[in-house]
Structures are given as C-alpha cells and as structure tokens.
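Beneath this line is the structure, given in structure tokens, with notes to follow.
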Amino acid sequence: MIRLSPSVWRAIDLILRLILGGLFVYAGWSKLGNPTDFADSIATFQMLPDWLIVPFALALPPFEIIAGALVITGFFRRTGCLALIVLTVVFSIALFAALARGISVDCGCFGGGTGITAAPWFEAIRDIVLLAIAVWLYRYAPAPKIELY
C-alpha cells in the first residue's frame, strides 16, 4: 500500500472537492438561465408527473449550487457530500431507467443551449465516477467537532 503524507492527502482532498463541488455549482448555475429547456429535459425522462416537472426544474439548480458550495468550502461538508450522493443516485436511476425503456434523453446536466451533450454510456460512467468521488469525500471528511459544556 502506498503511504502518502498528510499534506498530499489534503491536496487530493481539496482537488476532489473543487472538481465535484465545482461541477455541481456550474451545472446548477447553467440551468438557472433557461429553466424551460431544463424542464423539457426532465420531461423526456417520463418519470415525473407533469405537475411536478416545473417545480423540480426550479428547485434543483439552487440545490445543486448550495450542495456544491458546501463541498467546496468545507462548511457542512458531509451534508453537501450526502446531498450530492443522493442527487447522483437519483440522476443515475433516471438515466438507466430511460435507457432500459429505450427512451432517447438529453440529461440537461449543464442546462439548455450549452452544446454540451454526451452519449448515454458516457453520462452513466460520469455519474458513477461522480458518485465514487462523493462517497469518498463523505467517508473521509473530518468528523465535526462538537463541544458540550
């Protein structure tokens, strides 16, 4: 097993937090500009009732931004990581369900009109990698210090 110094582990931790948190902040921010396109992307998955699509499309981007910011800053880091784990699992289930049903979907991951699209298998691999990073960051986050007087 490779032994790394604490400073190397801190650097790896910071890099992973910046990547994971930054990606979700960017994804959330890019969806804020055009919620209609994002709602259309959600609708293509055919998983939510029509009345829930717009509220979901409006609520998800701020949630992604806040969770990503928590991971980046380290403030309530475990909470942010847990939120991103849940989001990534939900995204993965939706993607795999759509693929299993033969539905061609645009994940809407980075908002509408960005030109960023990928093959469904790439999106699935990306979700698995993001999930692994989020789980690792959650697992190895420093325990909160609670002082009782």
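Quick notes on this one:
- For the range 23-34, the criterion of a residue being under 16 Å from Trp136 (Cβ atoms) and either more than 12 Å from the chain's Cα centre (by Cα) or not β-branched (Val, Ile, Thr) (or both) is satisfied by at least one position.
- Qualifying helices (runs of 4 or more DSSP H) (wholly inside the range 1-120; at least 3 residues being of a type in the set (Val, Ile, Thr) and either in contact with a strand residue (DSSP E or B) (Cβ under 8 Å, 6 or more places away or on another chain) or closer than 25 Å to Ile133 by Cα (or both)): 6-32, 50-73, 77-100
- Residue within the range 64-82 that is modelled with pLDDT of 95 or more and over 30 Å from Pro6 (Cβ atoms) present: yes
- Among all residues of the range 69-88, there is none that is among the aromatic types (Phe, Trp, Tyr) and farther than 17 Å from Leu137 by Cβ.
- Checking each residue in the range 30-50 for being more than 14 Å from Asp106 (Cβ to Cβ) and either touching a Ser or Thr at 6+ places or on another chain (Cβ under 8 Å) or modelled with pLDDT of 95 or more (or both) picks out no residue at all.
- Selection status of Ala132, on the phi < 0 side of the Ramachandran plot, surrounded by fewer than 20 Cβ atoms within 10 Å (Cβ to Cβ) and either of a type in the set (Lys, Arg) or at pLDDT below 90 (or both): no
- Near pairs, Cβ below 6 angstrom, 6+ apart or cross-chain, from the range 98-126 (at negative phi and modelled with pLDDT of 80 or more) to any residue that is polar (S, T, N, Q) and outside any helix (DSSP H, G or I): none
The values are calculated or read from the model by the stated rules, or taken from the named source; none is laboratory data. Note that this is a predicted model, so its numbers are computed, not measured. Heads up, the Cβs are rebuilt from the backbone with ideal geometry, glycines too, and the neighbour counts pull from every protein chain shown.
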